[in-house]
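The values are calculated or read from the model by the stated rules, or taken from the named source; none is laboratory data. Being a predicted model, the structure only gives us computed values, none of them experimental. Positions of Cβ are generated from backbone atoms using ideal geometry, with glycine treated the same way; all protein chains shown enter the neighbour counts.
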Amino acid sequence: MSEFKFPKDKTAIVLIEPQNDFLTEGGTMYAHIKEQLADRHVIANLQNLLDGARKAGIKIFYCPFHPFDAGFPELKKGGPGCEGLRGLEMDMEADWGTGAWLRGTPGPEIIKELTPQKGDIVVEGKKTLDAFHSTGLNYYLRANEIEYVAFTGFHTDWCVESSARSAYDLGFRVIVIGDCTATDTQEEQDFCEKWIFPKIGKVMGYETFLESLV
């Protein structure tokens, strides 16, 4: 029996970037994360979590990364938007073209195993690491009177961590469902779960989370 209790009507799941570029053979970043996905059964865990959450009546918010046109004309060449992780993504190769999240390609599409269902909410406009920064996520959570936000998705030490930190700063109670997140290495995963997430919320597996709903 879980020691934690989360009221169903005040709890939501946020699923970050369950898209082909990360999670499907041929995607720009799949080669880096595929071993962790397989070793830790992350997709199957997510399927079980979402099935259980829907049966419990928990709201699920999908936060896919926003697609860009080929060549990234939305971003000034050499500007700050082309530096850091985004700059690396712009040069990555996929089976369907150069660059992550290319509009009109399979890259930005949500994988079929995690297709949103009726009642799930797809939050559009995520253009940065933080799922709150350029989207209506904060509004949707507040409008639904959500207090507990459970984060899942990819990558653990980038978008999940950035979003979880923002949720903490915005006054939400943060949960990270560790076995429903993944990144490129076990070392990075372990660091976040041991040193980062416990300082901003609770870390648990999906089974414990589902058992904690009341």
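Do we find a residue being under 26 Å from residue 134 (Cα atoms) and aromatic (Phe, Trp, Tyr) anywhere in the stretch 1-21? The answer is no; no qualifying residue exists.
Yes/no per residue for (1) within 24 Å of residue 157 (Cβ to Cβ); (2) of a type in the set (Gly, Ala, Ser); (3) touching a Cys at 6+ places or on another chain (Cβ under 7 Å):
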position	(1), (2), (3)
2	no, yes, no
24	yes, no, no
66	yes, no, no
71	no, yes, no
78	no, yes, no
82	yes, no, no
87	yes, yes, no
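Within the stretch 164-214, the set of residues being farther than 19 Å from residue 59 by Cβ and aliphatic (A, V, I, L, M) comprises 182, 196, 200, 203. Screening 94, 131 for residues that are touching a residue at least 40 places away in the same chain (Cβ under 8 Å) and touching a Cys at 6+ places or on another chain (Cβ under 6 Å) leaves exactly one candidate, 131. When the stretch 103-125 is filtered for residues that are buried (at least 16 other Cβ atoms within 10 Å of the Cβ), part of a loop (DSSP other than H, G, I, E, B), of a type in the set (Val, Ile, Thr) and under 15 Å from the mean Cα position of the chain (by Cα), the ones remaining, listed by number, are 111, 123. Check whether at least one residue in the stretch 91-99 is over 15 Å from the mean Cα position of the chain (by Cα), surrounded by 19 or more Cβ atoms within 10 Å (Cβ to Cβ) and at pLDDT 95 or above, and report yes or no. Scanning the stretch 91-99 turns up at least one residue that is over 15 Å from the mean Cα position of the chain (by Cα), surrounded by 19 or more Cβ atoms within 10 Å (Cβ to Cβ) and at pLDDT 95 or above.
Scan the stretch 180-192 residue by residue and report those that are touching a residue at least 24 places away in the same chain (Cβ under 8 Å) and either under 21 Å from residue 8 (Cβ atoms) or assigned to a helix (DSSP H, G or I) (or both). Passing the criteria: 180, 186, 188, 189, 191, 192.
The conditions of being of a type in the set (Gly, Ala, Ser), in a loop (DSSP other than H, G, I, E, B) and either surrounded by 15 or more Cβ atoms within 10 Å (Cβ to Cβ) or within 11 Å of the chain's Cα centre (by Cα) (or both) are not met by residue 167. Among the residues in the stretch 66-87, are any under 29 Å from residue 142 (Cα atoms) and either under 15 Å from the mean Cα position of the chain (by Cα) or in a strand (DSSP E or B) (or both)? Yes, the stretch 66-87 contains a residue that is under 29 Å from residue 142 (Cα atoms) and either under 15 Å from the mean Cα position of the chain (by Cα) or in a strand (DSSP E or B) (or both).
Across the stretch 195-210, the qualifying residues are those that are within 17 Å of the chain's Cα centre (by Cα) and part of a helix (DSSP H, G or I), and the one among them that is surrounded by the most Cβ atoms within 10 Å (Cβ to Cβ) is 209. Where residues in the stretch 126-146 are in contact with a Leu (Cβ under 9 Å, 6 or more places away or on another chain) and part of a loop (DSSP other than H, G, I, E, B), which of them is farthest from residue 9 (Cα to Cα)? So the residue we want is 129.
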